[in-house]
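The values are calculated or read from the model by the stated rules, or taken from the named source; none is laboratory data. Just so it is clear, the structure is predicted and the values come from calculations on it, not from any experiment. No Cβ is skipped: glycine too gets one built from the backbone with ideal geometry, and neighbour counts run over all protein chains shown.
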């Protein structure tokens, strides 16, 4: 196990700054997910932690040791790549054994370790095959095997599931989570998939433009997004964002639309963006703000139903309601909204209010 | 009958046949006919000084070759020359490819310059190296004298111990660029993630070369080895221009022997038979290389 400390970690390519003075402390055995769209600097950060990318500025520490200038193999990290990066000329057995052989591990020990790992990952029957004879899921299992076989203190994963189909992604996700629980090692996991981030992470660092937008637990990120970017990046379907003002009576106003807010939330007259998660609607009830809207599209998902509605002021919203609600296209209905569940952001700075 | 043919060879097949016909016709005239004719020649005792007498001798020409000590001398010279040329070319090409696969200032210019020797016609190449090795005006002499490695000018190509190596050097200079180019193309296709994975796994530069680059290079290496072997084993122009088989028999290779036998002694029958032996040897060697490297890809 190792704690990873990034202090003012910076990566510049010529005049382009990929990662900008990033501060991040990852605890012993923590599962940290770096989440963001492509080009946000998450992979560059991971590569700097791995030692595959030279650090332009700042300090990187594993526990108390400064590893800023250490080459990858001295850092005792293991990495899993999106492309699997298995050695095509080596069998599964040789692929998994390779890191141990480079460390001159005695043959008997290598064999034992390979057998053990392949048992854990259920690839024991594939040991004599070449990567080209494996499916995507099997390849990623081998890549995981190659990573865990030498018991590193830090696991780095660069979008390991992005090349797999949806069903496989789900099962590999739980496999990785089980691995983390069993190995008790520090995981740093890069992804652009919010569902992966939510399900796997102890904490998520949402990144954009080389900067961390928010660092928090999955629940914290989801229920208290720091700005509109974070709010819209997590959640499926995405959060509804409506630009408007705070009216004199303290309510949110956009054209004919009025919504109650928690008392005294924001001073009147301020330009704000309102965030409403699709699932944060209920049947009208006392204590809830009410919202009149006309249903324009009904999409049953089986477990629940997605509605596209138009609220007063021509505001289009996507809502998620229980499947028991009998809703038809064209219906006008009233929804109940708990003011405490609304998110308010400053329209200029996009920051949470 | 016609209907059956029509059914068997539909419109697509017939138009395809019409389209490839010109090429097939040309190949028949310029490739198939000479190959078959020279085989016919190799079975006859044809000597151009007695053009009207051309008895059929069957395999006698072939038997005579194998009893000819000049042939075995030429085989050994050709073997040495080919092995040196192919090995040095391949090793240099791998090194050059490794260098040019990196990005550094001037890398593009260097890649372009690399192709100059390859674009040089081989006669020009032969003349150029002949001048470089020249005993009176040669650049090599001037250079070595200046550096202090020799005390007086030497006739480099006149030294039987060196001749073959000096010609091989000229051949390598011309052939290496294409080989390097082929290897660079193969190298470019190696995914970067493999190197990154190997780095994280703890492989040093040499181990990354052995475990990542070399295995991925196999198809390219096979191509280079086969191609260079085929070229080198049949080299002729350099020998014609630089040494004419000499000094003595120091550069007496198979292709030179075939030339002498056919166009100086005018014994077309044995000349053709020798050509066939050389062609067969080339074919077998290439096949062996493909078998050796091909099955591991």
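Among (1) within 14 Å of chain A (Cβ to nearest Cβ); (2) in contact (Cβ under 8 Å) with a residue 40 or more places away in the chain, where does residue B:181 come up short?
Answer for residue B:181: the failing condition is (1).
Quick check on my filter: what residues within the range A:334-343 are assigned to a strand (DSSP E or B) and farther than 13 Å from residue A:277 by Cβ? Lay out the reasoning, then the answer.
Within the range A:334-343, the first condition is being assigned to a strand (DSSP E or B), and the residues that meet it are A:334-337, A:343.
Those that are assigned to a strand (DSSP E or B) and farther than 13 Å from residue A:277 by Cβ: A:334, A:336.
Are there any helices (runs of 4 or more DSSP H) wholly within the range B:1-45 with 2 or more residues that are within 20 Å of residue B:59 (Cα to Cα) and modelled with pLDDT of 85 or more, and if so which? Let's see the steps before the verdict.
Numbers: elements: B:2-8, B:11-27, B:33-42.
The qualifying helices (runs of 4 or more DSSP H) are B:33-42.
Among the listed residues B:59, B:106, identify the single one that is surrounded by fewer than 18 Cβ atoms within 10 Å (Cβ to Cβ) and at positive phi.
Numbers: B:59 fails: at positive phi.
Unique residue meeting the criteria: B:106.
Hey, residue B:156 hits all of (1) at pLDDT below 90; (2) under 27 Å from the mean Cα position of the chain (by Cα); (3) buried (at least 22 other Cβ atoms within 10 Å of the Cβ) but one; which does it fall short on?
With respect to (1) at pLDDT below 90; (2) under 27 Å from the mean Cα position of the chain (by Cα); (3) buried (at least 22 other Cβ atoms within 10 Å of the Cβ), residue B:156 is out only on (3).
Return the total of residues in the range B:258-297 being outside any helix (DSSP H, G or I) and surrounded by fewer than 17 Cβ atoms within 10 Å (Cβ to Cβ). Give the steps one after another, and end with the answer.
Taking the range B:258-297 as the starting set, the residues that turn out to be outside any helix (DSSP H, G or I) are B:265-267, B:295-297.
Among the residues that remain, those that are also surrounded by fewer than 17 Cβ atoms within 10 Å (Cβ to Cβ) are: B:265-266, B:295-297.
The total comes to 5.
Among the residues of the range B:72-83, is any surrounded by fewer than 11 Cβ atoms within 10 Å (Cβ to Cβ) and either farther than 17 Å from residue B:281 by Cβ or in contact (Cβ under 8 Å) with a residue 24 or more places away in the chain (or both)?
Restricting attention to the range B:72-83, the residues satisfying the condition of being surrounded by fewer than 11 Cβ atoms within 10 Å (Cβ to Cβ) are none.
Taking every residue of the range B:72-83 in turn, none turns out to be surrounded by fewer than 11 Cβ atoms within 10 Å (Cβ to Cβ) and either farther than 17 Å from residue B:281 by Cβ or in contact (Cβ under 8 Å) with a residue 24 or more places away in the chain (or both).
Would you call residue B:221 over 17 Å from residue B:169 (Cβ atoms) and assigned to a helix (DSSP H, G or I)? Working first, answer last.
Numbers: over 17 Å from residue B:169 (Cβ atoms): yes; assigned to a helix (DSSP H, G or I): yes.
Here the answer is yes, as residue B:221 does meet what is asked.
Going through A:32, A:48 one at a time, which residue ends up being away from every other protein chain (no Cβ under 11 Å) and assigned to a helix (DSSP H, G or I)? If you could, list the steps in order and put the result at the bottom.
Working: A:32 fails: assigned to a helix (DSSP H, G or I).
Result: A:48 is the single residue among A:32, A:48 that is away from every other protein chain (no Cβ under 11 Å) and assigned to a helix (DSSP H, G or I).
Quick grid of which residues meet (1) farther than 27 Å from residue A:30 by Cβ; (2) surrounded by fewer than 18 Cβ atoms within 10 Å (Cβ to Cβ); (3) not assigned by TED's automatic domain parsing to the domain that holds residue A:182:
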residue	(1), (2), (3)
A:68	no, yes, no
A:93	yes, no, no
A:100	no, no, no
A:122	no, yes, no
A:128	yes, yes, no
A:131	yes, no, no
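Let me spell it out: the conditions are (1) within 21 Å of the chain's Cα centre (by Cα); (2) within 14 Å of chain A (Cβ to nearest Cβ), and residue B:176 meets all of them except one. Which number is the exception?
Result: residue B:176 passes all but (2).
How many of the residues in the range B:140-162 are more than 23 Å from residue B:245 (Cα to Cα) and part of a helix (DSSP H, G or I)? Reasoning before the result, please.
Pass one, the range B:140-162, residues more than 23 Å from residue B:245 (Cα to Cα): B:142-152.
Next, from what is left, pick out any that are part of a helix (DSSP H, G or I): B:142-147.
Residues flagged as more than 23 Å from residue B:245 (Cα to Cα) and part of a helix (DSSP H, G or I) within the range B:140-162 amount to 6.
Among the residues of the range B:184-218, which ones are facing chain A (nearest Cβ under 10 Å), within 25 Å of residue A:77 (Cα to Cα), in contact with a helix residue (DSSP H, G or I) (Cβ under 9 Å, 6 or more places away or on another chain) and part of a helix (DSSP H, G or I)?
Residues satisfying the conditions are B:194, B:195, B:196, B:197, B:198, B:199, B:200, B:201, B:207, B:211, B:212.
Assess whether residue A:351 counts as being more than 27 Å from the chain's Cα centre (by Cα) and in contact (Cβ under 8 Å) with a residue 40 or more places away in the chain. Let's see the steps before the verdict.
Working: more than 27 Å from the chain's Cα centre (by Cα): no; in contact (Cβ under 8 Å) with a residue 40 or more places away in the chain: yes.
Taking the combined requirement at face value, the residue does not satisfy it.
Exactly one of (1) out of contact with any helix residue (DSSP H, G or I) (no Cβ under 8 Å at 6 or more places or on another chain); (2) farther than 30 Å from residue A:155 by Cα; (3) modelled with pLDDT of 90 or more is unmet by residue B:224. Its number?
(1)
Go through B:138, B:148 for me and flag whichever is buried (at least 16 other Cβ atoms within 10 Å of the Cβ) and either free of Cβ contacts under 8 Å to residues at least 60 places away in the same chain or more than 28 Å from residue B:226 (Cα to Cα) (or both). I'd like the intermediate steps shown before the answer.
Numbers: B:148 fails: buried (at least 16 other Cβ atoms within 10 Å of the Cβ).
Result: B:138 is the single residue among B:138, B:148 that is buried (at least 16 other Cβ atoms within 10 Å of the Cβ) and either free of Cβ contacts under 8 Å to residues at least 60 places away in the same chain or more than 28 Å from residue B:226 (Cα to Cα) (or both).
Find the residue count for the range A:280-303, including only residues that are surrounded by fewer than 16 Cβ atoms within 10 Å (Cβ to Cβ) and either in contact with a strand residue (DSSP E or B) (Cβ under 7 Å, 6 or more places away or on another chain) or in a strand (DSSP E or B) (or both).
So the answer is 11.
Report yes if some residue within the range A:166-180 is modelled with pLDDT of 90 or more, closer than 29 Å to residue A:279 by Cα, within 14 Å of chain B (Cβ to nearest Cβ) and surrounded by 15 or more Cβ atoms within 10 Å (Cβ to Cβ); otherwise report no.
no
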